[in-house]
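Input: a single structure, listed below in structure tokens.
The values are calculated or read from the model by the stated rules, or taken from the named source; none is laboratory data. Predicted, not measured: the structure shown is a model, and the values here were computed from it. Note: ideal-geometry Cβ built from the backbone for every residue, glycine included; neighbour counts use all protein chains shown.
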Amino acid sequence: MFFKAIHREFRRLPEALTEKYPEQAEQARKAADEGNYAEYIRANGGLFVGRKELPFRAMHLLKEKASKYGEDIHKCSGYLAYRYPVLYKEIVKRRKEYEEEQHLKTIYKAQAFALNYFLDERYSESPKSRKQAYRQLREETGLPKWILKKAIQNAYKALSG
């Protein structure tokens, strides 16, 4: 079970960043990237290696705030954060930028579909209510409800007022 967290981090790691890693880390990264979990475990010391002897293991940081029961809270920050904090910050930054970009693309896509629903001729037979727009677009796009509703509301306001 403890191999999985590091495996996920190695899968996220782009190839270009591994130049600074030791050879064993590159073997683990390559195996994780290819989805070869058995080879990844071998690169990480094998199945029967003790936790303290693992070359790549998650780092747990103590949170400042205690739990509601007054116990310490340990947060897993991962191997990369421990060994390569500068690269870890770069990876996290790139990931956040990517997720934000994908979120904006989804919103723009929903807005485009909502405007098309009210303006396009292929929807001329459909009633022009927001509820019907939601039903039709949900079926066509599969986008989340909250994104579609907001996009339909904005398109409806823009066209009617």
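Conditions tested, residue by residue: (1) outside any helix (DSSP H, G or I); (2) crowded, with 16+ Cβ neighbours inside 10 Å; (3) touching a residue at least 40 places away in the same chain (Cβ under 8 Å); (4) not hydroxyl-bearing (Ser, Thr, Tyr).
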residue: VAL92; (1), (2), (3), (4): no, no, no, yes
residue: LYS96; (1), (2), (3), (4): no, no, no, yes
residue: GLN102; (1), (2), (3), (4): no, no, no, yes
residue: TYR108; (1), (2), (3), (4): no, no, no, no
residue: LYS131; (1), (2), (3), (4): no, no, no, yes
residue: LYS149; (1), (2), (3), (4): no, yes, no, yes
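When ALA25, ALA32 are checked against the criterion of being part of a helix (DSSP H, G or I), over 14 Å from TYR84 (Cβ atoms) and modelled with pLDDT of 65 or more, ALA32 stands alone in meeting it.
LEU119 meets all of the listed conditions (1) of a type outside the set (Gly, Ala, Ser); (2) touching a residue at least 40 places away in the same chain (Cβ under 8 Å); (3) closer than 23 Å to HIS103 by Cβ but one, namely (3).
For GLU39, the requirement of being charged (D, E, K, R), surrounded by 15 or more Cβ atoms within 10 Å (Cβ to Cβ) and at pLDDT 70 or above is met. Any residue at all in segment 111-118 that is assigned by TED's automatic domain parsing to the domain that holds GLU26, of a type outside the set (D, E, K, R) and modelled with pLDDT of 75 or more? No, segment 111-118 contains no residue that is assigned by TED's automatic domain parsing to the domain that holds GLU26, of a type outside the set (D, E, K, R) and modelled with pLDDT of 75 or more.
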